[in-house]
Amino acid sequence: MKDRLYDDNLYQFHKPQASYWEATADDIKVSAPALSGDETCDVAVIGGGYTGLSAAYHLARNHKVDVRVLEAGHFGWGASGRNGGFCCIGGVGVHRRDLIRMVGVDRARQYYQSQIDAVELVCRIGEEESLDFRAQGSAELEVAHTKKAFERLREDFDVSSRHLNLPVELLSAEQFRERHFDSDEQFGALVSRPAFGLHPLRYCRGFANAALRHGAVLHERSEVLDWSKGDDGWHRINTAGGSLRARKVIFSTNGFMPERLKPEFYARTMPIISAIIVTSPLTEQQKAAYNWVTGETAANSRRVLNYFRLLPDNRFLFGGRGHSSGHPDGEQETYARLESMLKSIWPKWADLAVDYNWHGLICMTGSMCPSIGQLDGDKSVSFAYGYHGNGVNTATWAGKKLADWIGSGQVPDMPDIVQGMAKKFPLASLRLKYFRLAIGLASWMDRRG
């Protein structure tokens, strides 16, 4: 069984990504010494991103559970410290109309209500814990890149408003230009709420400190090397520096999941590389060239989409799908492609410099929905993963659901489409190959409009 799908370059836990987020969150410190010696707790959490931190935070605060979190890198090393900072409705790998076709309108509506709850949960934690994550905006913009794409957005608007009861708005190209921005690929947009942007690493580190204040114990640079369960019912988790005995375990590593640790999790995820560039600050003249007057998060309507936002310091963040190997050479090709794409959409920014670039993994499932539950054969193991590039709120919400489940002993109220283990990907060793074919087909369809 291969432990990792990508080149080892993607799993350098000792090495922070040279991201804009890392450069602007150094004032927030987390006291989380590596695990050393032999320790014991009630609940061990493997993975210190939003899911694991939310589970630990809510277990310690609401249920007074003795909980420890093991993070392979530093807190915020993974996707929770690298993403674009979009807190918005999503979390599934299909369009809203397709989810209705898959599960029915009532179950889809229930799911999207949980997404609204998840956005509100992040807001509430931020307020209650005074987290300085630099919230920005109040909506997400999906921008039609062609006239044909705008007609698809019109269908999405009808589905979202009539069937899912979501607060959405459809803007013509002229309306959108006046209220938000213009570009060479702007033919109107779908505006969705609630949504906002934030600084993801500041949120992650602030969340970690909140968990510490409420009694959780955190260990960074504590990669799990071995995990077993004895006849006495206790789990034993070993790291390079020590071991941890626990009655229960939460597995919350998402796209960086080490599949070798538990065979039940093999081939349950499709980690996908996503990359981001951040430019030098735009001048007022550069913003005026495209009437940029918005601070909302945005994405275009391409099937292989790009996501972007103007940051509070006027730098421009632009992201999209990465390469398919994880090798350093592929990184540089991706960054060059993203810069070329950015400047083809906004050609008047041709002289804009790129100051930061980095990459990470998002996580898809074979069910195209998040996966939250407990192992059928061992209820002492809980898990949550598969947020399809929408982990800020979805992972926070999923972690709380796991905490409520463990703390109360009862299955929490949550949509049935997220409950249980996601189905396995077929021909698991070929996952990357057939994903490349899917991306190639989607890119071809984008070129046709």
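The values are calculated or read from the model by the stated rules, or taken from the named source; none is laboratory data. This one's a predicted model, so the numbers in the text were calculated from it and none came from an experiment. Positions of Cβ are backbone-derived with ideal geometry, glycine not excepted, and every protein chain shown enters the neighbour counts.
Annotations
- Counting only strands (runs of 3 or more DSSP E) that sit wholly inside the range 133-203, those with at least 1 residues that are among the β-branched types (Val, Ile, Thr) are 140-143, 168-171, 189-192.
- The set of residues in the range 1-52 that are part of a loop (DSSP other than H, G, I, E, B), crowded, with 16+ Cβ neighbours inside 10 Å and modelled with pLDDT of 95 or more comprises PHE13, SER19, THR24, ALA25, ILE28, VAL30, ALA32, LEU35, GLY47, GLY48, GLY49.
- Pick from the range 282-297, criterion in contact (Cβ under 8 Å) with a residue 40 or more places away in the chain and outside any loop (DSSP other than H, G, I, E, B), ranking: surrounded by the most Cβ atoms within 10 Å (Cβ to Cβ): THR297
- Matching entry among VAL122, VAL94 (being in a loop (DSSP other than H, G, I, E, B), under 19 Å from the mean Cα position of the chain (by Cα) and either crowded, with 24+ Cβ neighbours inside 10 Å or of a type in the set (A, V, I, L, M) (or both)): VAL94
- Taken over the range 186-221, the residue count meeting the criterion of being within 30 Å of GLU151 (Cα to Cα), within 21 Å of the chain's Cα centre (by Cα) and hydrophobic (A, V, I, L, M, F, W, C) is 3.
- Test: residue in the range 243-254 that is over 15 Å from ARG68 (Cα atoms) and at pLDDT 95 or above: yes
- Any hit, the range 396-407, residues being out of contact with any strand residue (DSSP E or B) (no Cβ under 6 Å at 6 or more places or on another chain) and surrounded by fewer than 16 Cβ atoms within 10 Å (Cβ to Cβ): no
Residues checked against (1) in contact with a Lys or Arg (Cβ under 7 Å, 6 or more places away or on another chain); (2) among the hydrophobic types (A, V, I, L, M, F, W, C); (3) at pLDDT 95 or above:
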| position | (1), (2), (3) |
| --- | --- |
| ARG109 | no, no, yes |
| ALA118 | no, yes, yes |
| GLU129 | no, no, yes |
| LEU141 | no, yes, yes |
| GLU155 | yes, no, yes |
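- Those residues of the range 71-91 which are under 27 Å from GLY241 (Cα atoms), buried (at least 24 other Cβ atoms within 10 Å of the Cβ) and of a type in the set (A, V, I, L, M), in sequence order: ALA79
- Members of the range 300-320 that are assigned to a strand (DSSP E or B) and of a type in the set (D, E, K, R): ARG309
- Those residues of the range 140-184 which are among the acidic types (Asp, Glu) and crowded, with 18+ Cβ neighbours inside 10 Å, in sequence order: GLU140, GLU142, ASP156
- Test: residue in the range 178-195 that is touching a strand residue (DSSP E or B) at 6+ places or on another chain (Cβ under 6 Å) and acidic (Asp, Glu): no
- ARG152, sole failed condition from (1) under 27 Å from ALA395 (Cα atoms); (2) in contact (Cβ under 8 Å) with a residue 60 or more places away in the chain; (3) among the basic types (Lys, Arg): (1)
- Members of the range 295-330 that are acidic (Asp, Glu) and either modelled with pLDDT of 90 or more or on the phi > 0 side of the Ramachandran plot (or both): GLU296, ASP313
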